[in-house]
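The values are calculated or read from the model by the stated rules, or taken from the named source; none is laboratory data. The shown structure was predicted, so the numbers you read here are calculated from the model rather than taken from an experiment. Counting neighbours? That spans all protein chains shown, and the Cβs are built from the backbone with ideal geometry, glycine included.
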Amino acid sequence: MITIPFRVIDRTSLYSLYKKLGIIQTDQQNGGTTQLLKLGLVYDTRDNEPNPMKGIWSEIFFQAAPAFIGNKYSFTQLCINHRQYFTVIDKLMNFAYRLSYQGKLSGDIPFYMLPLLFSSNKPARDGLGGAKTLRGVLRNRVVGDGMFYSNFELRWKFFRTVIWGQNVYLALTGFTDVGRVVQKFKFNMDNVPKDFINQDESFHLSYGSGLQVVLNANFILNFSYALANNIQDGSSGFYINLNYLF
């Protein structure tokens, strides 16, 4: 992890500074393309896809970016995603959690691939931080060769009614998100001042609450607000999305 004093970033972008210091290699500064091969397994016992009251959704897969299909940088990764749902009060309240890990097994991952987290059922998304991973933490704030994160939610369906023949319910959630880098990205530190570098890495924590407006048990409009536990990770975030986070 690199800590940049405020006096430096007042006059230049973080990306420009990383290029100047040689942290981002010259041939990676304009990005690139990567072709991936995947192989894995998915296990699903959920009783309802939009908001399960019980069940498990788990997956494990390997992915590779081999040179023989045109990749300039070759690497392999292991990705594990596990979700589990528990009924607390029948038809009213449930508890859900998600554990996710993505780590490098071999090779060199270019910097422009670091902020991508993978799943078998969704396109690649941002790194840790933001609406889909650590709510309240700045988007892509936490990246590395290997990352772990988890989300914990208590969901309460506190109001039900019928409007124009449509079933509607309102729900409240309380949640906390936590994540950290478990494999650091290795970069050239020859030109990086020593007082810029902080080798320590700890957990990044956020917490918040949300309101969900649900139509016919499958269309979910989700409003959530979260606070970062450490000012270095940001202050807060307000999000409007479709569906629960997981």
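Brief remarks follow.
- Scanning the range 93-117 for residues that are closer than 30 Å to S209 by Cα and surrounded by fewer than 15 Cβ atoms within 10 Å (Cβ to Cβ) turns up just one, F95.
Here is a yes/no grid of residues against (1) under 28 Å from Y15 (Cα atoms); (2) among the aromatic types (F, W, Y):
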{"residue": "K104", "(1), (2)": "yes, no"}
{"residue": "F111", "(1), (2)": "yes, yes"}
{"residue": "L172", "(1), (2)": "no, no"}
{"residue": "H204", "(1), (2)": "yes, no"}
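- Residue match in the range 44-59 (condition: small (G, A, S) and not in a loop (DSSP other than H, G, I, E, B)): yes
- Selection of the range 60-70 for residues being in a loop (DSSP other than H, G, I, E, B) and at pLDDT 95 or above yields only P66.
- One residue stands out in the range 35-83 among those that are among the hydroxyl-bearing types (S, T, Y) and under 28 Å from N243 (Cβ atoms): the one that is surrounded by the fewest Cβ atoms within 10 Å (Cβ to Cβ), namely Y43.
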